[in-house]
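Inspection log for the structure reproduced underneath, given as structure tokens.
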Amino acid sequence: MEKAELLYEGKAKKMFATEDKQVIWVEYLDQATALNGVMKDQIQGKGELNNQITSRIFQYLTKKGIDNHFIDILSKTEQLVKKVEVIPLEVVVRNFAAGSFSKRLAVPEGTLLPEPIIEFYYKDDLLDDPFINEAHIAFLELATPAEIQEIKLIALQVNEALQELFAGIDLQLIDFKLEFGRLADGKILLADEISPDTCRLWDSDSHEHMDKDVYRRKIGNLVPVYQEVLTRLNNYSF
């Protein structure tokens, strides 16, 4: 497999074509962003850690029977994925109150929710990724009602699988963001990445942040935290 022309460059990744039109070559970048790009820094080693953590997690989800776009890891910073038409939605699953949820509803961070809550955000940087509901999704024609129900079902399956995984490495899964896409035949597939960039993780014993909040809130160094997450994942037997 050969890397061809650059198709897209985002905040954390570059995506390249390959000789297979259904396969994308992804390169993770040493860049950290937060607050919709208000915070932006080059952090050496971050791309390598995100790539390896994401690859490990997608390998785990595949073993759990959850279809996703991941094909193979190529190097410390590169992987191959299936080409999908990205659905412009961020799907957030919350197990505990934290972040914007706590601010919006005045619920103390760390409050256990009676059951997982799924939220949708419209992926549009110019609009600052606004919180939307299913009626908005239908109006904007982002996804059909049937697709939304499938996305919600997959999100809950991923939540159950990730809670089991992270509990096995002494981490609490507070909340996380997923993205989805459509294959050429219309099938909905889990896509993007799953890492401490997209998950809010707390150490089960100390409750210390083990995610991008250490950067976003300026409470620690990102690389050692992400390295600890990767080390725990690598030591965990699927």
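A few comments on the model shown:
- Residue in region 196-212 that is within 26 Å of Ala146 (Cβ to Cβ) and either assigned to a loop (DSSP other than H, G, I, E, B) or within 17 Å of the chain's Cα centre (by Cα) (or both) present: yes
- Residues of region 96-113 that turn out to be over 19 Å from Ile132 (Cα atoms) and touching a residue at least 60 places away in the same chain (Cβ under 8 Å), as a count: 2
- Scanning region 130-160 for residues that are part of a loop (DSSP other than H, G, I, E, B) and either in contact with a Ser or Thr (Cβ under 6 Å, 6 or more places away or on another chain) or open to solvent by 30 Å² or more (accessible area, probe 1.4 Å) (or both) turns up Pro130, Asn133, Glu141, Thr144.
- Pairs are defined by a Cβ separation below 7 Å, a sequence spacing of at least 6 or placement on different chains, a first member in region 117-139 that is on the phi > 0 side of the Ramachandran plot, and a second member that is acidic (Asp, Glu); the pairs so defined are Asp129/Glu90.
- Test for Leu190: is it open to solvent by less than 30 Å² (accessible area, probe 1.4 Å), in a strand (DSSP E or B) and under 21 Å from Leu80 (Cα atoms): yes
- Here Asp170 fits the description: under 20 Å from Ile57 (Cβ atoms), open to solvent by 70 Å² or more (accessible area, probe 1.4 Å) and either in contact (Cβ under 8 Å) with a residue 12 or more places away in the chain or among the hydroxyl-bearing types (Ser, Thr, Tyr) (or both).
- Residue count for region 86-110, restricted to those that are exposed (fewer than 13 other Cβ atoms within 10 Å of the Cβ) and farther than 18 Å from Arg217 by Cβ: 2.
The values are calculated or read from the model by the stated rules, or taken from the named source; none is laboratory data. The structure displayed is predicted, hence computed values, not measured ones. Neighbour counts are summed over all protein chains in view; Cβ atoms, including those assigned to glycine, are modelled from backbone coordinates with ideal geometry. The protein model used for the area step is the full one, side chains on, heavy atoms only, and it has no ligands, DNA or RNA in it. Shrake-Rupley method; radii C 1.70, N 1.55, O 1.52, S 1.80 Å.
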